[in-house]
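> My questions all concern the structure below.
Readers should treat all values here as calculations from the given coordinates under stated rules, not as data from a laboratory. Note that the structure is predicted; figures quoted are calculated from it, not measured. Here Cβ is always computed from backbone atoms with ideal geometry, including for glycine, and neighbour counts include all displayed protein chains.
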Amino acid sequence: TFYIVQDFANNVLDTLEPNSILISAGDTITGPVWYLQTIGKRPDVLVIDVNLITNDWYIRNQSIKNPSIINEAWTEINGKDIQRDRLLSILRNNVTTHDIYIVTSPTDQTLLQEFDFKQVGIVNKIEIKGSSNVQTNLLLNKKAWSGYTIREVKSNKYRSPLVEQLADIYAVRLNNIGIIYLNNGLIKEAIESFKKSISIHPDNLVAQQNLD
């Protein structure tokens, strides 16, 4: 029996602060999180699927349900970067009033120049540039990882490439937090994180080099 999808969705929701916003994407993440919410887990969290925000109907529906968070006027935002520009509007409108998290790691330079994306467990917390506190971030990560349920997770074990991505997220995030621990002199925690990353993804040469 594979638990990875169920555990990942639970772990994501368990990481989030009350009444936060989760920027999600993909069937293996958004779908399970929505399901958990329908059975009563974390209904306080607003889940926004980044793949759906390019659809005007989605923006309109969300603006009716959450008018203080989503503005129907954003349907007028179009062009080749419609997804990024609508996401920027969501972040700018809410970053000072809500805790906002995103599952993926953005590579768009416009987003990276305007916001900090600080890893908290298996998600990134989006904050105003320069407002993050290293010690607070370390404490949040320790709390998140210590509370996670991670059962039988290993890369190259699942038939679906989408499910494989979940295993890779665990491996990458464990390596990343290991680097943060290392840079802050927390050697024991760094070693533990690198070992966990390698146990999930034995071919992760970056984590192996960091451990060495």
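> Run the quick spin-label model on Trp57 and Ser146: label points 7 Å from Cα toward the beta carbon, then report their separation in nm to one decimal.
If labels sit at Trp57 and Ser146, their model points lie 4.7 nm apart.
> Here's something else I'd like to know. Given axes a ≥ b ≥ c from the Cα gyration tensor, I'd like to know whether the range 43-125 is rounded (a/c under 1.5), prolate (a/b larger than b/c) or oblate. Don't jump to the answer; show the numbers that get you there.
On the way: a/c = 1.81, a/b = 1.25, b/c = 1.45.
Here the range 43-125 falls in the oblate category.
> By the scheme Lys and Arg +1, Asp and Glu -1, what is the net charge of all other residues having a beta-carbon under 12 Å from that of Leu13?
On the way: positive: Lys41, Arg42; negative: Asp7, Asp14, Glu17, Asp44.
In short, -2.
> Now a separate question. Can you check what the net charge comes to around Thr149, using other residues whose Cβ is under 14 Å from the Cβ of Thr149 (Lys, Arg +1; Asp, Glu -1)? Walk me through the intermediate numbers first.
Values: positive: Lys41, Arg151, Lys196; negative: Asp7, Asp14, Glu152.
Charge balance in the 14 Å sphere: 0.
> Normalised by the number of residues in the chain, what is the relative contact order in percent for Cα pairs under 8 Å and 6+ residues apart?
Working: 275 pairs, mean separation 39.0, N = 212.
About 18 percent, as a whole number.
> Let me ask you something else. Under the rule of at least 5 residues apart or a separate chain, name every residue whose amide H is placed under 5 Å from the amide H of Val47.
Leu22
> Among (1) 18.1; (2) 17.0; (3) 17.6, only one was calculated for this model; which label is it, if the read-out is Kirkwood radius over Cα pairs in Å?
The listed entry that was calculated here is (1).
> Report the gain in length on full extension from Lys129 to Ser105: 0.36 nm times residue separation, minus Cα-Cα distance, nm rounded to one decimal. Walk me through the numbers before you get to the answer.
Working: separation 24, 0.36 × 24 = 8.64 nm, distance 1.58 nm.
Gain on stretching Lys129 to Ser105: 7.1 nm.
> Moving to a separate point now. Can you report the principal axis dimensions of the range 117-182 using only the alpha carbons, biggest first, rounded to whole angstrom?
41, 22, 19
> Sticking with this structure for a sec: Take the alpha carbon gyration tensor of the range 54-100, find the square roots of its eigenvalues, order them as a ≥ b ≥ c, and report rounded if a/c is under 1.5; if not, report prolate when a/b exceeds b/c, else oblate. Working shown, then result.
Details: a/c = 2.44, a/b = 1.23, b/c = 1.98.
Oblate.
> While we're on this one: Looking at the square roots a ≥ b ≥ c of the eigenvalues of the Cα gyration tensor of the range 1-101, which shape do they give, rounded for a/c under 1.5, prolate if a/b is larger than b/c, or oblate? Walk me through the numbers on the way to the answer.
Values: a/c = 2.09, a/b = 1.63, b/c = 1.28.
Here the range 1-101 falls in the prolate category.
> How big is Rg to Rh over the range 93-145, alpha-carbon atoms, Rh as the Kirkwood inverse-mean-distance radius? Kindly include the intermediate steps, with their values, before the conclusion.
On the way: Rg = 10.9 Å, Rh = 11.5 Å.
Dividing the radius of gyration by the Kirkwood radius yields 0.95.
> Let me ask something else. Could you calculate the contour length gain from Val206 to Lys157, that is, 0.36 nm times the residue separation minus the distance between their Cα atoms, to one decimal place in nm? Intermediate results must be reported in sequence, preceding the final value.
Details: separation 49, 0.36 × 49 = 17.64 nm, distance 2.03 nm.
The span from Val206 to Lys157 would gain 15.6 nm if fully extended.
> Could you pull out every one of the lysines with an alpha carbon less than 26 Å from that of Lys41, ignoring same-chain neighbours closer than 8 positions?
Lys65, Lys118, Lys125, Lys142, Lys143
> When only Cα pairs under 8 Å and 6 or more residues apart are kept, what is the percent relative contact order across the range 1-54?
Values: 48 pairs, mean separation 23.1, N = 54.
Normalised by residue count, the contact order of the range 1-54 is 43 percent.
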